[in-house]
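The block underneath contains the structure these notes are about, expressed in structure tokens.
The values are calculated or read from the model by the stated rules, or taken from the named source; none is laboratory data. Nothing here was measured: the structure is a model prediction, and the numbers come from that model. In this analysis, Cβ positions are derived from the backbone assuming ideal geometry, glycine residues included, and neighbour counts consider all displayed protein chains. SASA here: full protein model, heavy atoms, side chains in, ligands and nucleic acids out. Shrake-Rupley method; radii C 1.70, N 1.55, O 1.52, S 1.80 Å.
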Amino acid sequence: MRALGRLAPALLLSVALVALTTAPAARAGGLLPPAPKSPEAAGYGGAVSSVSAEATDIGIAVLRRGGNAVDAAVAAAAALGVTEPYSSGIGGGGYFVYYDARTHRVSTLDGRETAPATADQSLFLENGKPLAFADAVSSGLSVGTPGTAQTWQQALRLWGTRSFADSLKPAEKLARDGFVVDGTFAQQTAANATRFAAFPATRALFLPGGKPPAVGTLFRNPDLAATYRELEREGTGALYRGDIGRDVTSLVQHPQVDPASGWNARPGKLTTADLAAYQVRRQAPTEVDYRGLDVYSIAPSSSGGTTVGEALNILSHFDLRHASSSQYLHDYLEATRIAFADRNRWVGDPRFVDVPTPGLLSERFADSRACLIKPDSSLTSPLAPADPAHPSPTCSSAGIAAPTTYEGTNTTHLTVADRWGNVVSYTLTIEQTGGSAMVVPGRGFLLNNELTDFDFTPAVAGVPDPNLPGPAKRPRSSMSPTIVLKGGRFDFALGSPGGSTIITTVLQTLLGHVDRSLSLEQAIAAPRASQRNGARSDAEPAFLASPDAAALTAVGEVFAPNPEIGAATGIQSLPDGRLQAAAEPVRRGGGAAAVVWPVGPQ
Ligand code: GLU
């Protein structure tokens, strides 16, 4: 569906009349239509893009009432906790990137989950052997200290104008009143039904009557409404030092499993002291200059900013604008192959490992890596990393290649801009779709399984692995919330879910927009491929069907089909002063882009 801003007023009126007259008919059949959403909108007064119609509407309402981008982002994120409970919520963590139009500065918050203080490298070992991922995921063992509620509070304190309590109110109402189940929600529930059924509190909430909620029915979460209400009254202390926190740690330490399921949910060691000690980190963003644009993203503990940044520096060596389509895609895939080789060797939580962030982002290092790319043949993976402290003058890799380890593929990205020009790019997650599968009884939210983003054992025996578990350590992430400035002013912002494919989705979309003359929404819609230093590159069906795939195969690229990669959202500042909000037209059931005052044409 195109944005309403495109439609003439008379047509708008008839659309509204049709909606009014068809809604009761739909209700008579017992089913409700899902909230309407559009993947693009252009206009003034601020913009929001998310995967959820309800979250976007709540963000727009905050902007309309005079709130700024941070106020709207927190309110919309709290709403995503209601409508996207399998991807986000106060049981998880995320990374918040903020551009302040007055100071022209970009700031970030690292709200990543942390391991318990008692964790060490043996966290996921049992009898000396690493647990299988499937055995670790639905357990107390995988749960990290959640960072999301504290991220919201910090963001509002630092840059917002509304209180934490006010910001949660619309989402509280949404949780109480309910939202209409769409195909994506029903499908995600069905895909997790077996593990959800093993946990009585999760089954009661997400499998009412023993089945996933049907499309077109109303899904209410009164427990989450009450939890939000308690947070409004008492602040985040209720979670980090109070009774919500006690419920969280008690569940982690004693997972409540239905014995009939036979599921062995390993307990974790998260304590109330871990919650009390949790701190969101305020840290400098990563920054690279790409074709005269300043590209800002998140620094470690996420590998997003350094890996997208290194790939951009490498690609600065190539004229992607005038390259053929397949040559451009070849250079893109090769750049991420190289950047992932370096990420896997060097990036982890900087409080625990010496991450060479400036070196990874240096042009000198990129020079020493770009020379590996040949126009007529693909490199072989796994490719060995190089040392940013000693860039090779002979274009050689050093060290031993480390594979890209598994990361879940579900989270959610929210992009917001306000009328003053402030922008938020915020990716938040509970890791796997459905996180640990453990709903906190009586609280209405799922706990994350973020600790499975650690490597369970060293990725390569004998080679230092920056991403092993440690006490209060943050697991390495791939989240890449990005804001791009031109001459110090906002140009565009974007981000995506997708585990390690987040990095490639953000990069491919950015390149499509900057180098291939695509509008942001066209760049988001374009077929995707993803190379992460693996023997094969993931590729979507539409990519595989393109002539480019055949041309790339001819130079040695090997593809593995992947039905869907990422679900990006973004906002662009148009040359005429309007904002263009953009989301997925198809992936994940399509996203919801909106502006405060729609003004076409787009
Ligand atoms: N856990 C992943 C990360 O931090 C995110 C999961 C996802 O995006 O799907 O990178």
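Please work out which residue is farthest from Glu431 (Cα to Cα), limiting yourself to region 474-518 and to residues that are of a type in the set (D, E, K, R) and out of contact with any Leu (no Cβ under 9 Å at 6 or more places or on another chain).
Arg489
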- request: Return yes or no: is Gly81 in a helix (DSSP H, G or I) and either aliphatic (A, V, I, L, M) or surrounded by 24 or more Cβ atoms within 10 Å (Cβ to Cβ) (or both)?
  value: yes
task: Give Gly242, Gly216, Gly210 a once-over and let me know the one that is within 21 Å of Ala79 (Cα to Cα) and out of contact with any Cys (no Cβ under 7 Å at 6 or more places or on another chain).
output: Gly216
query: Of all residues in region 517-576, which are surrounded by 24 or more Cβ atoms within 10 Å (Cβ to Cβ), under 25 Å from Arg588 (Cα atoms) and of a type outside the set (A, V, I, L, M, F, W, C)?
result: Glu521, Arg528, Ser530, Gln531, Arg532, Ser537, Gly566, Thr569, Gly570, Gln572
query: How many residues does region 436-458 contain that are part of a loop (DSSP other than H, G, I, E, B) and more than 16 Å from the ligand (Cβ to nearest atom)?
result: 9
Residue in region 25-41 that is outside any loop (DSSP other than H, G, I, E, B), modelled with pLDDT of 95 or more, closer than 23 Å to Gly421 by Cβ and open to solvent by less than 30 Å² (accessible area, probe 1.4 Å) present: yes
- prompt: Only one residue in Ala155, Ala214, Ala197 is touching a residue at least 40 places away in the same chain (Cβ under 8 Å) and surrounded by fewer than 16 Cβ atoms within 10 Å (Cβ to Cβ). Which one?
  reply: Ala214
query: Pick from Ser573, Ser546, Ser519: which is modelled with pLDDT of 95 or more, more than 19 Å from the chain's Cα centre (by Cα) and over 23 Å from Lys37 (Cα atoms)?
result: Ser546
- prompt: Does region 122-152 hold any residues that are among the aromatic types (Phe, Trp, Tyr) and either open to solvent by 10 Å² or more (accessible area, probe 1.4 Å) or without any contact (Cβ under 8 Å) to a residue 40 or more places away in the chain (or both), and which are they?
  reply: Phe133
message: Being assigned to a helix (DSSP H, G or I) and farther than 15 Å from Pro541 by Cβ is the filter here; which residues of region 554-589 pass it?
response: Ala554, Arg588, Gly589
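Filter region 589-602 down to residues that are open to solvent by less than 40 Å² (accessible area, probe 1.4 Å) and touching a Gly at 6+ places or on another chain (Cβ under 9 Å) and give me whichever is farthest from Glu54 (Cα to Cα).
Gly600
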- request: Among the residues of region 103-118, write down those that are away from the ligand (no atom under 14 Å from the Cβ) and either part of a strand (DSSP E or B) or open to solvent by 10 Å² or more (accessible area, probe 1.4 Å) (or both).
  value: Thr103, His104, Arg105, Val106, Ser107, Thr108, Leu109, Ala117, Thr118
- prompt: Quick one: is Ser377 small (Gly, Ala, Ser), in contact (Cβ under 8 Å) with a residue 12 or more places away in the chain, open to solvent by 20 Å² or more (accessible area, probe 1.4 Å) and closer than 23 Å to Thr307 by Cα?
  reply: yes
- prompt: Which condition number in (1) out of contact with any strand residue (DSSP E or B) (no Cβ under 6 Å at 6 or more places or on another chain); (2) of a type in the set (Val, Ile, Thr); (3) open to solvent by 10 Å² or more (accessible area, probe 1.4 Å) is the one that Thr452 fails?
  reply: (3)
query: Can you tell which of Thr427, Thr433 is within 16 Å of the ligand (Cβ to nearest atom), buried (at least 24 other Cβ atoms within 10 Å of the Cβ) and either more than 15 Å from Pro116 (Cα to Cα) or free of Cβ contacts under 8 Å to residues at least 12 places away in the same chain (or both)?
result: Thr427
task: Inspect region 310-322 for any residue being part of a loop (DSSP other than H, G, I, E, B), more than 16 Å from the ligand (Cβ to nearest atom) and open to solvent by less than 10 Å² (accessible area, probe 1.4 Å) and give the result as yes or no.
output: yes
message: I'd like the residue in region 87-102 that is surrounded by 24 or more Cβ atoms within 10 Å (Cβ to Cβ) and part of a loop (DSSP other than H, G, I, E, B) and, out of all such residues, is nearest to the ligand (Cβ to nearest atom).
response: Ser87
- prompt: Is it true that some residue in region 329-339 is closer than 30 Å to Gln279 by Cα and not β-branched (Val, Ile, Thr)?
  reply: yes
query: Across region 381-400, which residue is farthest from the chain's Cα centre (by Cα) among those that are open to solvent by 60 Å² or more (accessible area, probe 1.4 Å) and free of Cβ contacts under 8 Å to residues at least 24 places away in the same chain?
result: Thr394
query: Just wondering, is there one or more residues in region 267-274 that are open to solvent by 60 Å² or more (accessible area, probe 1.4 Å) and of a type in the set (Ser, Thr, Tyr)?
result: yes
statement: Of the listed residues (Arg489, Arg476, Arg419, Arg443), the one being among the basic types (Lys, Arg) and under 20 Å from the mean Cα position of the chain (by Cα) is Arg476
- prompt: Checking Leu231 against (1) farther than 24 Å from Glu172 by Cα; (2) under 26 Å from the mean Cα position of the chain (by Cα), which single condition isn't satisfied?
  reply: (1)
query: Only one of Thr509, Thr501 is among the β-branched types (Val, Ile, Thr), farther than 18 Å from His330 by Cβ and out of contact with any Pro (no Cβ under 9 Å at 6 or more places or on another chain); which?
result: Thr501
